[in-house]
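Read the figures in this text as sums done on the coordinates, not as results from a lab. Bear in mind the structure is a predicted one, so any value in this text is a computation, not a measurement. Cβ sites come from the backbone with ideal geometry, for glycine too, and all protein chains shown count toward neighbours.
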Amino acid sequence: MTITLHNPAGVAAPFSRYSHGASAPAGARWLHISGQVGATPDGTVPEDPERQMELTLPMVADIEIAAARAAGNLARELGMSSEKIDEMTHAIIEACINAREHSGCADNRIYLRFVGTNQGDGSRIDVWITDHGRGFDPAEARSRRPAAGVSHKRGRGLQLIEAHMDEVSISTSSGGGTTIHMVKYEKKES
């Protein structure tokens, strides 16, 4: 069996005798990825690096839990409170469910990007959730919201997302997919 080693040009060289990845064909192709040191391609480590991750997840039942857990782990690393993490993960779950149930995308994938930063006065997490589906009209979706006080089990996803996040913007077009960008802040207590 031939093992192919992978050391991408845009990634800092390994600090030891290993490769960033190795693939081994045996009826199917597997790529094994080693841990990455937070260094730039020239080998320097930023003093306060931005923490980020990207995920591509299949549109299957309960996959939103994996997305929420990944973001929650990043938020804990930044020192965010349980309350802020719960609000953010609830919004992520709703956005992933909306993508899975309503996007109609052919590739059956949800693309997620999380970027966490520590700012002088607190922490910030930016979340992008993208699908390659048919798009939708946010104003029309908001107009279908159930009235306050009326019991409905469905149809409140966008409302919950906007209630739990500090900033929400939606980029969508007919046949061009949808990206929801959400931001959660936590200010340090003085």
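Key figures
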{"item": "Total residues in the range 91-130, condition in contact with a Phe, Trp or Tyr (Cβ under 8 Å, 6 or more places away or on another chain), of a type in the set (S, T, N, Q) and without any contact (Cβ under 8 Å) to a residue 60 or more places away in the chain", "result": "1"}
{"item": "Count of the range 70-90 residues which are without any contact (Cβ under 8 Å) to a residue 12 or more places away in the chain and farther than 14 Å from residue 115 by Cα", "result": "3"}
{"item": "Every residue from the range 104-147 that is aromatic (Phe, Trp, Tyr) and more than 25 Å from residue 69 (Cα to Cα)", "result": "136"}
